[in-house]
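Notes for the one structure printed next.
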Amino acid sequence: LFLSACGLVVGAIAGWFVYQPLLDALQAPLLEAAEEQSKTIALNYTGMATALDMKVKVSLFLGVIVSCPWWLYQLWAFVTPGLTKREKGYAYAFLGASVPLFLGGLTLAWWVLPHAVNILAGFVPEGAVNYTDAQGYLSFVMRLVLAFGLAFVSPVVLVGLNMVGMLRHETLAKGWRWAVLIAFLFAAIMTPTPDALTMILVALPICLLYFGALGVCILHDRRVDRRRMADPA
């Protein structure tokens, strides 16, 4: 936890120096929605210290993203002492898979964000203005982005639990219907758009990753079972 926190601090320092470009990117969906719908939509800084607080939070937000290879490595470093030499090799392979999956989840969330903002801005009545609380908007974006990132990494965590003997593939196979239901509920909640296509496009990768994790767990459990049969002691 300490090493992960150090990585986050280093990433946050880097985020401090690129704050303005990142803030411009975060505001872009609001400005696009305002232009498309001919409405007044803008961020509102409600206090004297709000701007500074925003800069700190945006820096930390970028720190989480930039340092994701580091804190994901720390997660696996915590697990690897309990693994065999071969399983440690698997753990490093999982780390290699976790980073692109986490970034893939962030990319999907970034694609969903403008659609979500545009739909929600459409509920502002004609003639009204929407001065969105800056910190509230940032919290909304952070929850959206990190939720997608962690959702994409969760199948790798399931495989890791299987590798250390805490989760068998039979459990995952029995719960596949619940996994699909949760994936679509997650997609429905996180993509407040009226069309079903967007929800399916979000839920489908999560379902595929779950079944991919199930396949890896089946192969691993079969190898473990064969070793146990060959060496009962």
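The values are calculated or read from the model by the stated rules, or taken from the named source; none is laboratory data. Owing to the predicted nature of the structure, the values given are computational and were not obtained by experimental measurement. Here the Cβ positions follow ideal geometry from the backbone for every residue, glycine too, while neighbour counts run over all protein chains shown. With ligands, DNA and RNA removed, areas are computed over all heavy atoms of the protein, side chains included. Shrake-Rupley method; radii C 1.70, N 1.55, O 1.52, S 1.80 Å.
Among G96, A183, A173, whose Cα lies farthest out toward the positive end of the dipole of the chain, if unit charges sit on the beta carbon of Lys, Arg (+1) and Asp, Glu (-1)?
A173
For helix 196-230, what angle does its Cα long axis make with the longest principal axis of the chain, in degrees from 0 to 90 and rounded to 10?
Tilt relative to the chain: about 20 degrees.
Regarding segment 116-200, what whole-number volume in Å³ per residue does the convex hull of its Cα atoms give?
Numbers: hull volume 8.7 nm³, N = 85.
In segment 116-200, the Cα convex hull volume per residue is 102 Å³.
Considering only protein heavy atoms, what per residue accessible area in square angstrom results for the chain with a 1.4 angstrom probe? Provide the component values of the computation, followed by the final result.
On the way: 12980 Å² over 233 residues.
Per residue, the chain has an accessible area of 56 Å².
I'd like the distance separating the alpha-carbon centroids of segment 1-74 and segment 133-152, in whole Å.
10
Which angle from 0 to 90°, rounded to the nearest 10, does the C-alpha axis of helix 19-37 make with the longest principal axis of the chain?
60
Over the alpha carbons of the chain, what is the largest minus smallest coordinate on each principal axis, giving the biggest first in Å?
Extents along the principal axes, in whole Å: 76, 41, 21.
Quick check: the angle from helix 68-79's long axis to the longest principal axis of the chain, C-alpha only, nearest 10 degrees?
It is inclined by approximately 30 degrees.
For the chain, which whole percent of the accessible surface, found with a 1.4 angstrom probe, sits on carbon and sulfur atoms? Present the calculation step by step, with values, prior to reporting the outcome.
Details: 9240 of 12980 Å².
Exposed carbon and sulfur together represent 71 percent of the surface.
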